[in-house]
Structure formats: C-alpha cells, structure tokens
1. Treat each spin label as a single point 7 Å out from the Cα along the C-beta direction, and report the Glu88 to Gln110 distance in nm.
2. Report in % the part of the accessible area of the chain that belongs to carbon and sulfur, leaving out ligands and nucleic acids; probe 1.4 Å.
3. Give me the net charge of Ser115's neighbourhood, meaning all other residues with Cβ under 12 Å from the Cβ of Ser115; Lys, Arg count +1, Asp, Glu -1.
4. Using the Cα centre of segment 14-115 as the reference point, and only Cβ charges (+1 on K/R, -1 on D/E), how large is the resulting charge dipole? Debye, rounded to the nearest 20.
5. Find how much the distance from Ser53 to Gln39 grows on full extension, using 0.36 nm per residue of separation minus their present alpha carbon separation; answer in nm with one decimal.
6. For segment 67-115, state which trypsin sites (Lys or Arg not before Pro) are in a DSSP loop and have at most 13 other beta carbons lying within 10 Å of their beta carbon.
7. At most 14 other Cβ atoms within 10 Å and a DSSP loop assignment: could you name the trypsin sites (Lys or Arg not before Pro) in segment 1-66 that fit?
Amino acid sequence: QVQLVESGGGLVQAGGSLRLSCATSGIIFRIKPMGWYRQAPGKQRDFVATITSAGRTFYADSVKGRFTISRDNAKNTVYLQMNSLKPEDAARYYCNTNPPEYSYWGQGTQVTVSS
C-alpha cells in the first residue's frame, strides 16, 4: 500500500521560510522522480518542483530561486525548502511522483502566508 505523508506546513509571515517533508512508503523511492504540487482554494493543482532519481531539479518559474527540492533516499523522504515566501504561495502542498499517480495523492499540508 502506497502512502505519501506530507508535513511541515503552517502559518508564516511574508518573507519567511518553511520546510516541508514528505515521507513515503510502498514505492521504490530511490528510482522514482518525485514532485511537489500545490492547490490554492478555487484553483487547479499546479506543479511546483521535481527531482529526478539522479537528483536533477526543475522548478516552476514562480518559485525558482526561492524554493529548493531535495531527497533522502535512505529515509524515503522528499523535502521542499521554501524561502522568501509570498502571499501567493499560500496553498495546500502535496507530494507525488512525477508524473503524479492519481491514487498516490495524500492529505497535503497547508501553507498560509500572512502579508
């Protein structure tokens, strides 16, 4: 059974930082490209960042230079370091493989940014 459990969200002031974690089980994590996605109320879920099994990273233009995705294959965990947060970054953040598997979506973790 595949489980992806996101954590680390919270309320932060604009300009602040958060580090999200996604602990996985039930997948061969080390070979999987992983991604972070986010969904704001009333909007579609959007791509944020991805990291390949080899560690190459790619980012949405809106977060490039501010967010950093990383992975720890020993812990089957993917991270998202978010710096210089803006009010428009507020959303529910999810991890999944890339491309995402429908059945893998978890509960996500909420990020709220106050201006």
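1. It is 2.3 nm.
2. Values: 2900 of 6220 Å².
The nonpolar share, carbon plus sulfur, comes to 47 percent.
3. Net charge in that neighbourhood comes out at -1.
4. The calculation lands at about 140 debye.
5. 2.6 nm
6. For trypsin sites (Lys or Arg not before Pro) across segment 67-115 that sit outside H, G, I, E and B with at most 13 neighbouring Cβ atoms in 10 Å, the list reads Lys75.
7. Lys43, Arg56, Lys64
The values are calculated or read from the model by the stated rules, or taken from the named source; none is laboratory data. Source: prediction; values computed, not measured. Don't worry about glycine lacking a Cβ; one is built from the backbone with ideal geometry, like all the others, and counts go over all protein chains shown. All accessible areas refer to the heavy atoms of the entire protein, side chains included, with ligands and DNA or RNA removed. Shrake-Rupley method; radii C 1.70, N 1.55, O 1.52, S 1.80 Å.
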